[in-house]
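Peer 1: Here it is, the structure in full.
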Amino acid sequence: ALSSSYHNRHDSAAALTSELASVQARLSSFAQSENAIAQVLNLFNTAQATDVENLLYAWTAGDFSALPNFEILDDAAMRGAQGAFAAETNTVYLNETVMPTSEGVLVDPLLGATGIAIEEIGHSLDIV
C-alpha cells in the first residue's frame, strides 16, 4: 500500500511506485538465490523456517502482498532518520530526502530509497 505526506519536490506516488518496483525486483532476485532461506534465517530473528520459505517462494513468484505498507514522510517527521519500520502499523517510513528528485537523480546514490526500503523490510522479517 502506498501513502505519502510528501508533495513538495515531485510526484510522491510515482516516485514511491518506481522505488517499490526496484525493491520487488531485488527481493525476487534474492529469493531465487541458492542460499536465500539460510541467509534470512541467519540474519534475522526468524524461528519459523516454513514461514520464511513461503515468503521467499511468494517473492520468486512475484507476490509481494506480505510486504509492509510504505509511506514517505518529510525530514522533520522522520527526525532525520532515512527510514524506519513500525511493527504496530506494519509500515516502512521513508524520508523524502532519500527519494529521487523530480529529475530522477538520487539524493544518496550509494543507498537511496531502494536500499533503505530493503533494510527496513529486513526489520519486518524480525517479526515473522
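Peer 1: Compute the distance in nm between two label points, each set 7 Å from the Cα along the Cα-to-Cβ direction, one at residue 75 and one at residue 22.
Peer 2: 1.9
Peer 1: Relative to the present Cα-Cα distance, how much length would full extension add between residue 87 and residue 13 at 0.36 nm per residue of separation?
Peer 2: Details: separation 74, 0.36 × 74 = 26.64 nm, distance 2.26 nm.
Stretched out fully, the residue 87 to residue 13 stretch lengthens by 24.4 nm.
Peer 1: Rounded to two decimal places and with Rh computed the Kirkwood way over Cα pairs, what is Rg over Rh for the range 10-87? Can you show the working numbers first?
Peer 2: Details: Rg = 14.7 Å, Rh = 14.3 Å.
Ratio value, two decimals: 1.03.
Peer 1: Quick check on packing: order 73-82, 112-121 by the mean number of other C-beta atoms within 10 Å, highest mean leading.
Peer 2: Details: 73-82: 13.9, 112-121: 20.7.
Answer by packing, highest mean first, reads 112-121, 73-82.
Peer 1: With a sphere of radius 10 Å drawn around the Cβ of residue 93, what net charge do the other residues whose Cβ falls strictly inside it have (Lys, Arg +1; Asp, Glu -1)?
Peer 2: Details: positive: none; negative: 71, 120.
With Lys, Arg at +1 and Asp, Glu at -1, the net is -2.
Bear in mind that the values in this text are calculations on the coordinates, not laboratory data. Note that the structure is predicted; figures quoted are calculated from it, not measured. FYI the Cβ positions are ideal-geometry reconstructions off the backbone, even for glycines, and counts take in every protein chain you see.
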